[in-house]
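This report refers to the structure that appears directly beneath it.
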């Protein structure tokens, strides 16, 4: 099975992190493609960054399908371009926020999300409504760090994420915590142990869910709004 | 007051139609800018078309602000790029679906929407949820015409829209009908009279609502998620 | 264009404040009517006060239409009598809570409301549900002042409102604040500057929205529940 | 126990019908007051009629409390004035739409409502949202009869109500039907047998629910928004 | 009228408490059955305990119907087995959480719930959604006591419940408090007086509501999902 | 990886069908356990049947964990006993309705469900609300066949299911159809091809989703309501 992970921003370090996690946990026989556009923002911090990444994201998705990808992960927690990608390709396309929220709702009665910047909070709240997950979501919290601080070991970012998770545990009455940024994918296990609460990362979860859908023979429905783009 | 209307597709005829309607109904002292990208799809029929239009849409919004625009209308019923545009500019930015639904909810207890293609129906339904208008919205209907048929008098498109409105009147128990495409902006009055139900067009409504917000001194909040894009 | 503002309580000072704000921001060519019943409570502080004001409110609306009013603002934040008024007159009728919430949802991802008395909080929360604005509304707060304290410069009311807005900024993660009483209409600009957050007043917003709807030719739908009252 | 039923319209025949039903089903020891204002509309068919009935309704409620009433039923399916009445009196105040919907949700997984005129449909739909009953409510239907036709045996009203119930049974997949007008209170048993579905009348249900609350010592909460009206 | 109360756990002391409350407040002519299974857990603290109690609960319900019961109360705040019980018997079956929430929504604009253990909080929150009561429910709180502590006067349980109610009054902006465990049924009056807020107990409320439904002739609908179990 | 499928009813033919589908689609290295209680109903057709199956279901889950199962599928579309099972075992527990709805929401903008008997429709509708999937669910439909008809090739059940799917395609504007009974697991591919719409089966989907969660190291949260049952 061939699975593609597209990181919509242009920071290769984050792409590598996603690939590392996927390679480590993939099923026997799964091949992983991981790429990112080179003409997109270095990080996606708000609606406009997301918008600027979209054309590059689509190009990578097309390349991955040409490579043979049967399923696709969009590895940014704002879940950019899902609808458009679903029109372009045959296989399932899953966002990492989407995957993490669905998974969390099946192993806990509620969750909180810890993301990077406060400006991303309303975006993630809106996604929780769109996916039907709002009543499982206790709170979306921001550790108040720029996305790229996660790539810099000296930034103190990991400590700030940990502290925000501990605040979620203390204040939110949640039963799981979702990491709200692809750049946190390597912290899952460590944070879960330190904070004594299941910590769920969207990148890994989305890769496994795509494997599951492809393995079940479930593709994107093409009978109406996800049909290929119309010729003019 | 300077108001900009950006049609995100590249069909100048639709832009002209929007401008005509706005000029006819604007308040004394309002100046209208109307433009469209030249590198976007000829019509927006689904998620991917919408995505392809976004960078061009942003460019036009920047140009319009350089011209002095104090408020902005995005003239496509899928309301593309609202969040990103709100980050870019100071004045209010309103989508035509958003404007029409809000207005309808203040003059009728419920409405139906008549759009062009069936593939746009789920997109508009999702907008109705996002805006909190789902419980006012009886049904989103498609006249089953391509967007550009509205630009061709011989296509029979107007008749099909009219028939779909009449079905809404007969079957939906709605008290108003919203026209679900910028290309229908010139049909409002005629359809309203023929179908014996208030017919609301988003382009005109959005222009007037933007005039209202600008006139009231209400600008986009810049204190969190609509703040200008972050420097990397 | 002729626009009427009806303050449902009998405190002429509040009516004058509404008129002052409307006159200052109206479009060229708009004429403003502002009146209040003389047989209604001096302030509307709860369901019963609201009820007692209703017949007088209707009488004023009829007078205003006889004067030629094409659109109507009900200037009490509980939005009393909207449905009945919509049956009585042809033009659009907008409540100030309704106008403020709709406007806020188009320029911010969320808002809080600061009203006068705690007993009004559940009434405003219910309106937020009715209008579909509940998921935009972070919190409805009370400054714990009687309505008429706003008419008395020595009451300290303005300071209390300001302090409650500052609490909203600090605690609610909101991007705008709505003033939850017609008697606060003159404080908008000052509070917005002092509190570093967009502050939205319903009176001004409703006047501009009514101008917008009338300017767009959008009247109340008369085909079902807002049809004129039935003869017995 | 003393229970008051106030019919807000001025048609004594409907008041008598309510009293008859209540007397027949009351618990041992319950005394029934039934009255109506004389200065209200003969029937309540829409928002404005409802508004005109309110002051008279409040007067009757005050009289009933002076008589000693410990609980109150507002016998019009639009549930007018509940909030204000709850401020005025100590005992519980229940509307007949409210009572019927709550009861139906405890004995069936869903219900439809059959009311008189189409213009009342949106009013009842809004109540279903306010009470949290919207997801139990399959459809609100109108038999398309004026309220007072129910007082005239020759009007054919009963047959039309029956036919609409049969349509609900055939089309709505509902498990109970609520009669959406106080004037239908005498038809419950007959319609239930003829239509082979539990038919629930709000008048009787509200009387029994008020008996239940009073019997349980549950009164209206007076600690915030239902506290007595404030002195000015 | 014959009413049965089934306590699904095997602690007879709790059953006796329910019976005592019911006997004290029942209407003239009502006979009370109260029983519990002997093969169920001593207390119901979570999903599994609830599950283990179900077959015994059904047996008691069958016995009670054989005795002649015309209405049934399930006296555990998780409302176990309501759907199944409704299939088995003719009369109405009401849960104590269900009854308390419905009643509270008719005498207050909002309520909080105080239950025993934190693990029951998500269960009660889910019930509030199922019954449509979520927007009336400010918060579900746990006093952090095992259920059986309520049976032991030396446990300090009553004091902890009282303190949690006082926190609800101080922090939740609620207008009533619901006691979230059948074992608290004897504390209602005392806590209501001490905490200066209406305190509502589900056991008593459910008994009175069942009396009301039976008195109104309203039985469980048998036309679809509550029909008797199918023969195989 | 060891995955258990428990069919809560006692019909071994259905268990075998589930095992066959799982074996066919499992990932390399997955071992499948499939069992059913012998003391449960032959089919689960309503709330009471579901209740009667629960203790046996729990016993099988315990046996499967003793065998080494790391993840669990409850193979009945009413998703019985999920909460209790989550308390009992460490690995994730997924219901087949839950799995199918989540999956469908990621590959289609909406779905309809085709189940067996009308009495199961409200049960599935309630699950759609609980899982947050209600706004994706166009309609829950019943083919009006007993569950066990699916085990009898001469019953015509397959044809009836097919016809109901075709009605969903024609009337519901849905983009996928979910098979609402474990007994339909073998019909997926055939129905998908015949009906020209993606058909999703919960058994297969749940098996793959459990593999995904286990593969990602995601277990049931044990920090609050899914903690092991309390000792008394």
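The values are calculated or read from the model by the stated rules, or taken from the named source; none is laboratory data. Note that the structure is predicted; figures quoted are calculated from it, not measured. Using ideal geometry, Cβ is built from the backbone for each residue, glycine included, and neighbour counts are taken over all protein chains shown.
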Among (1) in contact (Cβ under 8 Å) with a residue 40 or more places away in the chain; (2) within 30 Å of residue B:175 (Cα to Cα) - the single one residue C:181 does not satisfy: (2)
Cross-chain or 6+ apart pairs with Cβ under 6 Å, the stretch E:24-45 first and on the phi < 0 side of the Ramachandran plot, then at pLDDT below 95 and crowded, with 23+ Cβ neighbours inside 10 Å: E:43/E:147; E:45/E:147
Only residues in the stretch D:211-224 that are more than 7 Å from chain E (Cβ to nearest Cβ) count as the first member; pair them with residues that are surrounded by fewer than 21 Cβ atoms within 10 Å (Cβ to Cβ) and assigned to a loop (DSSP other than H, G, I, E, B), Cβ under 6 angstrom, at least 6 apart or cross-chain, and list the lot. D:214/D:1
Does residue B:186 fit the bill of being assigned to a helix (DSSP H, G or I) and in contact (Cβ under 8 Å) with a residue 24 or more places away in the chain? yes
Looking at the stretch A:193-210, which of its residues are without any contact (Cβ under 8 Å) to a residue 40 or more places away in the chain and facing another protein chain (nearest Cβ under 8 Å)? A:196, A:197
Pick from the stretch F:109-136, criterion within 14 Å of chain A (Cβ to nearest Cβ) and assigned to a strand (DSSP E or B), ranking: nearest to residue B:120 (Cα to Cα): F:111
Got a sec? Which of B:134, B:99, B:85 is over 15 Å from residue B:179 (Cα atoms), touching a helix residue (DSSP H, G or I) at 6+ places or on another chain (Cβ under 6 Å) and buried (at least 23 other Cβ atoms within 10 Å of the Cβ)? B:85
What residue, among those in the stretch E:137-163 that are surrounded by fewer than 22 Cβ atoms within 10 Å (Cβ to Cβ) and in contact (Cβ under 8 Å) with a residue 60 or more places away in the chain, is farthest from the other protein chains (Cβ to nearest Cβ)? E:151
Might you let me know whether the stretch E:190-202 holds any residue that is modelled with pLDDT of 95 or more, under 25 Å from residue E:46 (Cβ atoms) and assigned to a helix (DSSP H, G or I)? yes
Conditions (1) within 15 Å of residue A:121 (Cβ to Cβ); (2) crowded, with 20+ Cβ neighbours inside 10 Å; (3) in contact with a strand residue (DSSP E or B) (Cβ under 6 Å, 6 or more places away or on another chain): number failed by residue A:172: (2)
Any helices (runs of 4 or more DSSP H) falling wholly within the stretch B:11-103 and containing at least 1 residues that are away from chain A (no Cβ under 12 Å): B:12-25, B:47-67
Scan the stretch F:5-60 residue by residue and report those that are touching a strand residue (DSSP E or B) at 6+ places or on another chain (Cβ under 7 Å), surrounded by fewer than 24 Cβ atoms within 10 Å (Cβ to Cβ) and over 30 Å from residue E:227 (Cα atoms). F:19, F:23, F:26, F:30, F:31, F:32, F:33
In the stretch A:166-189, residues that are within 25 Å of residue A:94 (Cα to Cα) and within 13 Å of another protein chain (Cβ to nearest Cβ) total 9
Looking at D:121, D:113, which is the one that is crowded, with 24+ Cβ neighbours inside 10 Å and more than 21 Å from residue E:103 (Cα to Cα)? D:113
